[in-house]
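The block underneath contains the structure these notes are about, expressed in structure tokens.
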Amino acid sequence: MSSIKIECVLLENCRCGESPVWEEASNTLLFVDIPAKKVCQWDPLTKKVQRVTVDAPVSSIALRRSGGYVATIGTKFCSLNWEDQSVVVLATVEKDKKNNRFNDGKVDPAGRYFAANRRSVYKLEKEEQIPDGMCIDTEGKLWVACYNGGRVIRLDPVTGKRLQTVKLPVEKTTSCCFGGKDYSDLYVTSARDGMDPVELLKQPEAGGIFKITGLGVKGIAPYPYAG
């Protein structure tokens, strides 16, 4: 197995980066900054970032089979046209809860877009803190970013056993996805909200996007929304 390398590929200073998604068609990484109300697209070849600002906290982004993207914005499922930056509401839930919002969202193999406000995954070990966003590899194992834990861990979803730990230079790791040419790179988002100036000096890459290579496993392509 090749040695593991961790690199901050984009110093984005996200307040709370989340929902990384690799788009194979454009060879770009999509992600959101929830409180900043931004959807971002990063090109690893040109190193350029394009951003679209929406009208409410945006907690997830997903590919759409018919073209464009879908996103969870506030408590709305929306379509997003990147070319003209237009947003169309597809559905709204919990209209009576004004300050509520979705926490995360994923598309399942059937092309259905699921979103939730809270979730739990497995029993925590003390140093791992809070399990946050996750993805799956071709061996069926989970990769989970641990918020306030500064790491991603590989889990066996059947036994619950922790198989591998990769520590990052920032504490607030939020989510992860596989990407790159053969889905062998693991991209990790992070956050900086809630950190004081001293912590930010110690963790200057907080809120950045990280790439982990040399893991020896590959991920699967993200499922597109079928609607």
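What to note about this one:
- Apportionment of accessible area to carbon and sulfur, the chain, percent (1.4 Å): 50
- Dividing the summed -39500 (n - 2.57) terms of all DSSP H runs of n ≥ 4 by the residue count of the chain sets its mean residue ellipticity at 222 nm at -500 deg cm²/dmol.
- In this structure the chain gives 50 Å² per residue of accessible area when probed at 1.4 Å with all protein chains present.
- Per-residue surface analysis assigns Cys135 an accessible area of about 20 Å², computed on protein heavy atoms at 1.4 Å probe radius.
- About its Cα centre, the range 16-58 has a charge dipole of approximately 200 debye under the convention of +1 per Lys or Arg Cβ and -1 per Asp or Glu Cβ, with nothing else charged.
- Dipole of the chain, positive direction: furthest Cα of Gly149, Gly160, Gln41, with charges on the beta-carbon: Gly160
- About the Cα centre, charge dipole magnitude for the chain (Lys/Arg +1, Asp/Glu -1 at Cβ), debye: 340
- Entry note: the chain has Rg to Rh equal to 0.94, where both radii use alpha-carbon atoms and Rh is the Kirkwood radius.
- Distance violations [Cα-Cα > 19 Å] among Lys181/Lys211; Lys48/Lys167; Lys172/Lys202; Lys47/Lys76; Lys76/Lys106; Lys141/Lys172: Lys48/Lys167; Lys47/Lys76; Lys141/Lys172
- Here the label points at Lys48 and Val89, each 7 Å from Cα along the C-beta direction, are separated by 3.4 nm in the simple model.
The values are calculated or read from the model by the stated rules, or taken from the named source; none is laboratory data. If you're wondering where the values come from, they're calculated on a predicted model, not measured in any experiment. Glycine also receives a Cβ, built like all others from the backbone with ideal geometry; neighbour counts cover every protein chain displayed. Areas reflect the complete protein model, heavy atoms only, side chains present, ligands, DNA and RNA absent. Shrake-Rupley method; radii C 1.70, N 1.55, O 1.52, S 1.80 Å.
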